[in-house]
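Below you'll find the structure, written out as structure tokens, and then a few comments.
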Amino acid sequence: MTSEAPPFWWEKPDWRAQALSPLAKIYGAIAGRRIRRANPPSVAVPVLCVGNFTVGGAGKTPTSIALAKAAIAAGLKPGIVSRGYGGAFSGLHKVDPVHDSARHVGDEPLLLARHAPVVVCADRVAGARALVQSGCDFIIMDDGFQSARLHFDYALLVVDAGRGIGNGKVLPAGPLRAPLTDQLVRTDALLRIGTANGADQVVRSAARAAKPIYESVLQPKDMADLGQGRLFAFAGIGDPSKFFRTLNEASLDVAQTRSFPDHHPYTDEDAVDLMKEAAKDHLTLITTAKDHVRLLDGSALARKLAGQTLVLEVDLFFNHPQTAQNIIRDTRERAKARILKNL
């Protein structure tokens with residue numbers, strides 16, 4: 001399954017957003033009521049939810065990885081529960097990063113499983129309980145903020161500094177998954193990724209709601225392996241332009257780009273076209289880690305493309321070194337109070 005957000009969602013509201021506003025009002029009312037009335041079941045360990053306000057990519061995966069590393073540094077045994085978007089499993093499955101494929105578990109769970117145990121399951125409560133039974137004592141819930149199927153002790157909402165919340169409208173008039181005010185009520189802190197000013201609207205709203213606002217950046221790693229040639233960058237993620245900006249900000253020579261829908265399954269036609277286009281202009285192909293795992297899981301031609309393509313690996317760094325540990329600490333303290341209250 002793939003998805004592609006309409007470009008007008010990320011522009012100033014126009015007639016299309018206005019025409020869809022009646023549907024957005026209905027959708028927003030239902031989504032907001034679900035958030036306000038949520039009283040989901042819980043598990044006996046701390047649960048940290050990493051979510052975002054909008055559909056599409058905002059940086060949840062690198063954030064979850066950074067927090068898993070912080071939890072391990074604090075002496076915890078974190079586990080990550082994911083819905084496994086893009087995968088084929090309908091039940092509960094513990095991800096094996098060596099033997100599983102993106103086609104079966106999704107590209108994001110494969111990347112997450114390199115750092116902590118991951119369970120993919122549409123039933124997040126069942127997934128969290130399975131992780132606890134396997135020895136995990138701290139749960140990171142990748143997404144799932146709006147659905148509110150599992151009680152979380154702390155909600156960290158991620159926003160991309162470039163895109164922000166787009167036109168600020170609710171689906172289908174814009175990218176918001178629910179009215180911003182309803183989402184902020186359940187938000188414990190906001191994490192802005194990047195240095196652009198596209199997220200100023202949501203940052204101001206969070207500040208007025210007295211929510212902590214943390215800052216972070218994505219930094220490429222292993223830059224020496226990327227060479228010095230001219231690049232042809234392609235990506236099928238929530239916001240391919242963010243990937244292209246990262247390359248440009250790293251002073252790499254990006255001569256050509258191509259965008260695909262989020263979680264795009266690369267076809268033989270895609271592979272042939274990309275390799276042919278790169279060869280014609282003597283360009284070196286480069287893509288994201290998420291795209292690369294999907295290529296490795298594809299046809300012989302997709303795997304051939306993977307072999308000819310560089311991969312940009314990125315790490316998320318918080319602007320203040322103690323941010324991650326503070327989030328871990330606050331999550332644990334709230335969980336302790338919850339558990340004691342329920343005794």
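For the stretch 245-261, state whether one or more residues are surrounded by 21 or more Cβ atoms within 10 Å (Cβ to Cβ) and either modelled with pLDDT of 95 or more or in a helix (DSSP H, G or I) (or both). No, every residue in the stretch 245-261 fails to be surrounded by 21 or more Cβ atoms within 10 Å (Cβ to Cβ) and either modelled with pLDDT of 95 or more or in a helix (DSSP H, G or I) (or both). Within the stretch 59-84, restricting attention to residues that are of a type outside the set (A, V, I, L, M) and closer than 20 Å to Arg149 by Cα, the residue that is modelled with the lowest pLDDT is Gly84. When Leu274 is tested against (1) assigned to a strand (DSSP E or B); (2) under 25 Å from His104 (Cβ atoms), only condition (1) is not met. Taking the listed residues Gly51, Gly56, the one that is under 23 Å from Ile213 (Cβ atoms), touching a Pro at 6+ places or on another chain (Cβ under 8 Å) and in contact (Cβ under 8 Å) with a residue 40 or more places away in the chain is Gly56, with no other qualifying. Would you check if Ala128 is in the same structural domain as Asn39 (by TED's automatic domain parsing), closer than 16 Å to Ser82 by Cβ and not in a loop (DSSP other than H, G, I, E, B)? Yes.
Every residue, every condition in (1) among the charged types (D, E, K, R); (2) under 24 Å from Gln133 (Cα atoms), yes or no:
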residue: Trp10; (1), (2): no, no
residue: Ala17; (1), (2): no, no
residue: Ser21; (1), (2): no, no
residue: Arg34; (1), (2): yes, no
residue: Arg37; (1), (2): yes, no
residue: Val43; (1), (2): no, yes
residue: Val55; (1), (2): no, no
residue: Lys77; (1), (2): yes, yes
residue: His104; (1), (2): no, yes
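What do you reckon, is Gly229 part of a loop (DSSP other than H, G, I, E, B), among the small types (Gly, Ala, Ser) and more than 22 Å from Gly168 (Cβ to Cβ)? Answer is yes for this residue.
Ala116 falls short of the stated requirement of being surrounded by 19 or more Cβ atoms within 10 Å (Cβ to Cβ), more than 18 Å from the chain's Cα centre (by Cα) and at pLDDT 95 or above.
Taking the criterion of being in contact (Cβ under 8 Å) with a residue 12 or more places away in the chain, assigned to a helix (DSSP H, G or I) and under 22 Å from the mean Cα position of the chain (by Cα), the residues of the stretch 295-328 that qualify are Leu295, Leu296, Thr323, Ala324, Gln325, Ile327, Ile328.
The values are calculated or read from the model by the stated rules, or taken from the named source; none is laboratory data. Keep in mind that what you see is a predicted model, and the values were worked out from it rather than measured. Methodologically, a virtual Cβ is constructed for each residue, glycine included, from the backbone with ideal geometry; neighbour enumeration extends over all protein chains shown.
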